[in-house]
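The block underneath contains the structure these notes are about, expressed in structure tokens.
Derivation of every value follows stated rules applied to the coordinates shown; laboratory data play no part. These numbers were taken from a predicted model, which means no experiment stands behind them. Positions of Cβ are backbone-derived with ideal geometry, glycine not excepted, and every protein chain shown enters the neighbour counts.
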């Protein structure tokens, strides 16, 4: 079983039973492109039948492009930006320029990520190995009537391979490259009689360090990851199936590869006190493969999922689906200082980033339940669903930061002030949603649906600064413990009615045009409480819900069986857009509501079977994303220094300016040549070009925190056995070693901005750091299959 049967239109137009989404080595020497089957609307349809922009990526495509990590999806799909560490630390996911990152647990993800229909509670848990995946579908724009959890900018739906009773199959794979890269993957299916089957998979990934630490003398960037999945199928008849799944992921990442590009006034002043002969702190070229932390964090993350998918065909027209999920994510980053004294000596060339310590402990546990009742006939398809979710998050972070230097006969003493961030969130949500497709005629289909959502948040969130005055992480937190107990609970509800309305018209059996509207909703939330002037916690007002509207027109066509082409023109508006800004007084990010944001753009993708051997495919997006009204944006670092901000509010007006983390132009163009030897062995060669436009890292559009545009070129060559039992591939990514930046952040080394303003002095300057993108990598992939695995 699977999703409801192929629709009558699909059955009339094609006789296929499975999808080949993008080219694979086995594709060679065919005369026609095959149809693409997706389940974006919870039913099996060709991609042409879906009146929305959908990027579909098959298991074959993942293999051929050597896409093994979640972050790589953003490099093969235009209009999608995915960045973050191997463990998801600092993860950023944006579709059409809209999204958020993992440093603001108060905010719900704008992009929803689903594994076998189960919504992930944290975006970090998506940053795992793409092992034993059947397909990935990226739906662009708000999604309110198809998924249990509503999302405001798009969804990434991953479907894993399901067990079956047909026979034994499996695979063994190794992927080896420079920088000490070693990846191992195994998987297989085992029938247990006619009604039971079990499928399992396991992976292990490791890579050596990529940068040298000039402060500690160690190396950073090394990672070690393990994970696996077990799925048990119970299928007593063709009308009923249940799959119980368990998966786990463990990762350890050593150090951080970001390097300082400028130091702020606080660090510069302290360094001069510590080392007057070398008072000017030098900075590091981000492409020199060195870094300057004296407290590089070691990060450990553990993820567990248990989920149950039940599908019951009640009769030829009605079916019932249940999706039950439980997940737990535990994360700890230990950033305590590793050097004995914590500061450089007089003959050190580079300045250290040594002046804070932290331990970040985070635990997220979530339970979700979704029920869908579906109806399917020749001219009508409908589903009604209910969803319940309960998520609890605990984030405990003691930290300390240098505030001065006290001279002693034995040497300077760094004076630190300690702090504590204590966040406890409970998020409960319920929703009822309905999605309908009415086949008005052989040419016209109407899609419409509604959703009601309610989200309740009960949070205890506080951040205390200035415990000490001389403190470090080895000191007891007696004052902070009592203060944390006094943090008030913040409890609020947000609800909204959203929906969709679309029309899909078939000009011919192979060419359709569509137009539609979607509305999405992202609930409001609470920021952290701070210690007020009277010693009592002060809690800011809740930030508001975000409402997204998407208007889209597009076309999808198959021309002569050798050319597939689709395109879309969209216009999206966001009211009370939730913006993450850096907390200038503490750690983490805080949330502001921009009055509105406006996004419009065009997207297109194609596949062209130029000859029986040559396949050319590609995609392109242009996205113009601006703040329509954002009068209270934070100021730039330089504006603080020049006192160019509003003297009362300390803000600037960014209305009409660009959104951050959006590359206006993104494009991919690929070509694959496939042929075979006389003995049936297939060989193929593939070239890929990916272009990404410039972008700003921060909402204040700081020109120092900006990534230039770049172009990546990849190449692969491989051979496959005639019976596809084995495969060897040589691959290279970023083969010309293009230098580009993937992330930028503030140093938080400017001292207290509020204090400087209070005494009437100039506002201090703040430094910043950047992280380079992946350098040139190359390697070999070996794979053995049996039983068609």
Multiplying the sequence separation of residue 602 and residue 367 by 0.36 nm and subtracting their Cα-Cα distance, what value in nm do you get?
80.9 nm
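Within 10 Å, count the other beta carbons around each residue, average over each peptide in 301-308, 435-442, and list them highest first. Please report the intermediate quantities before stating the final value.
Values: 301-308: 19.8, 435-442: 16.0.
Highest-to-lowest ranking by the protection proxy: 301-308, 435-442.
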What is the distance in Å between the Cα centres of the range 614-635 and the range 702-731?
24 Å
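Multiply the residue separation of residue 312 and residue 722 by 0.36 nm, subtract the distance between their alpha-carbon atoms, and state the gained length in nm to one decimal.
Working: separation 410, 0.36 × 410 = 147.60 nm, distance 3.90 nm.
Going from the current span to full extension adds 143.7 nm.
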At 7 Å along Cα-to-Cβ for each site, give me the label-to-label distance between residue 446 and residue 704 in nm.
5.8 nm
Label points 7 Å out from Cα along the Cβ direction at residue 780 and residue 179: separation in nm?
2.1 nm
Figure the gain on full extension for residue 515 and residue 503 (residue separation times 0.36 nm, minus the Cα-Cα span) and round it to one decimal in nm.
3.8 nm
Gap in Å between the Cα centre of the range 28-74 and the Cα centre of the range 177-200?
22 Å
